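K.L.:
This is the structure, below, for whatever I ask next.
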Amino acid sequence: MELKDAIKNRTSIREYENKPVPENKLIDVLEAARLAPSGANRQYWKFVVVRDPQKRQELAKASGGQPHVAQAPVVIASVSTVPDGLMRCGVPGYAVDLAIAVDHMTLAAVDEGLGTCWIGAFSQEAARAALNIPAKYTIVSLLTLGFPKQPGRPKTRKSLEEIICYDTFSE
Ligand SMILES: Cc1cc2nc3c(=O)[nH]c(=O)nc-3n(C[C@H](O)[C@H](O)[C@H](O)COP(=O)(O)O)c2cc1C
């Protein structure tokens, strides 16, 4: 699939088929995270692939009862193993590193005919406890993964004119 098409076709999927994700497709999605760039190529990350239904239930509970977290056959917890420090620009590098890796996975998933939904609304403590993740690490994202049952909602986005300026900033 053309990258442009993957970008256009990716939408958040919140209903999944009751069908496992084939191993080769899962590996292709994880490989996209592995190949993502990170600050100074540090790769301070771990990805916990959660398929166990009981654990997915626990993650759904940690996510305020979002049903798609339990329903998706796979949830990938993206974990920063060094969740501190600011880049010289004042921005936390670990969150940026993990966000890039997660976005790579969302696009690779589209290419595999799979759907994803980024879950940011979860209790850090409860999700860590469900997956035995030490308190010194931070889960940046939970990503649901599976075959879409329904297409996502149509994309609503600001126009280019609203968000782009050239050479100097303007409100
Ligand atoms: C950082 C982040 C956190 C998000 N958290 C959630 C969430 O907890 N639950 C959910 O259903 N969707 C969540 N989303 C999905 C957004 O609602 C969705 O990406 C946005 O509405 C645009 O829709 P689209 O992904 O279909 O293009 C999150 C997305 C991002 C990028």
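Each value in this text was obtained by applying a stated rule to the coordinates, not by laboratory testing. Remember, it's a predicted structure, so these values are computed and weren't measured experimentally. Positions of Cβ are generated from backbone atoms using ideal geometry, with glycine treated the same way; all protein chains shown enter the neighbour counts.
K.L.:
Just a yes or no: is a residue in the stretch 34-51 of a type in the set (Lys, Arg) and assigned to a helix (DSSP H, G or I)? Reasoning before the result, please.
P.N.:
Of the residues in the stretch 34-51, the ones of a type in the set (Lys, Arg) are 34, 42, 46, 51.
Those still in the list that are assigned to a helix (DSSP H, G or I) too: 34.
Taking every residue of the stretch 34-51 in turn, at least one turns out to be of a type in the set (Lys, Arg) and assigned to a helix (DSSP H, G or I).
Yes or no, residue by residue, for (1) in a strand (DSSP E or B); (2) away from the ligand (no atom under 12 Å from the Cβ):
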| site | (1), (2) |
| --- | --- |
| Thr106 | no, no |
| Val110 | no, no |
| Trp118 | yes, no |
| Ala129 | no, yes |
| Ala135 | no, yes |
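K.L.:
From Ala101, Ala62, grab the single residue that is touching a Ser or Thr at 6+ places or on another chain (Cβ under 7 Å), farther than 26 Å from Asp28 by Cβ and buried (at least 22 other Cβ atoms within 10 Å of the Cβ). Give the derivation first.
P.N.:
Numbers: Ala101 fails: farther than 26 Å from Asp28 by Cβ.
Exactly one of Ala101, Ala62 is touching a Ser or Thr at 6+ places or on another chain (Cβ under 7 Å), farther than 26 Å from Asp28 by Cβ and buried (at least 22 other Cβ atoms within 10 Å of the Cβ), namely Ala62.
K.L.:
Does Phe147 count as away from the ligand (no atom under 14 Å from the Cβ), touching a strand residue (DSSP E or B) at 6+ places or on another chain (Cβ under 8 Å), aromatic (Phe, Trp, Tyr) and over 20 Å from Ser63 (Cβ atoms)? Write out each step before concluding.
P.N.:
Numbers: away from the ligand (no atom under 14 Å from the Cβ): yes; touching a strand residue (DSSP E or B) at 6+ places or on another chain (Cβ under 8 Å): yes; aromatic (Phe, Trp, Tyr): yes; over 20 Å from Ser63 (Cβ atoms): yes.
Considered against the rule, which asks whether it is away from the ligand (no atom under 14 Å from the Cβ), touching a strand residue (DSSP E or B) at 6+ places or on another chain (Cβ under 8 Å), aromatic (Phe, Trp, Tyr) and over 20 Å from Ser63 (Cβ atoms), Phe147 comes out as yes.
Yes/no per residue for (1) within 15 Å of the ligand (Cβ to nearest atom); (2) surrounded by 15 or more Cβ atoms within 10 Å (Cβ to Cβ):
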| position | (1), (2) |
| --- | --- |
| Lys8 | yes, no |
| Asn18 | no, no |
| Lys25 | no, yes |
| Val29 | no, yes |
| Asp52 | no, no |
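K.L.:
Output the qualifying pairs, or none if there are none: Cβ atoms under 8 angstrom, residues six or more apart or on different chains, first residue in the stretch 65-81 and touching a residue at least 40 places away in the same chain (Cβ under 8 Å) and within 13 Å of the ligand (Cβ to nearest atom), second residue of a type in the set (S, T, N, Q) and outside any strand (DSSP E or B).
P.N.:
From residues that are touching a residue at least 40 places away in the same chain (Cβ under 8 Å) and within 13 Å of the ligand (Cβ to nearest atom), the pairs are Val69/Ser63.
K.L.:
Out of Val140, Val96, which single residue is touching a residue at least 12 places away in the same chain (Cβ under 8 Å), surrounded by 18 or more Cβ atoms within 10 Å (Cβ to Cβ) and within 13 Å of the ligand (Cβ to nearest atom)?
P.N.:
Numbers: Val96 fails: surrounded by 18 or more Cβ atoms within 10 Å (Cβ to Cβ).
Val140 is the lone residue from the list that is touching a residue at least 12 places away in the same chain (Cβ under 8 Å), surrounded by 18 or more Cβ atoms within 10 Å (Cβ to Cβ) and within 13 Å of the ligand (Cβ to nearest atom).
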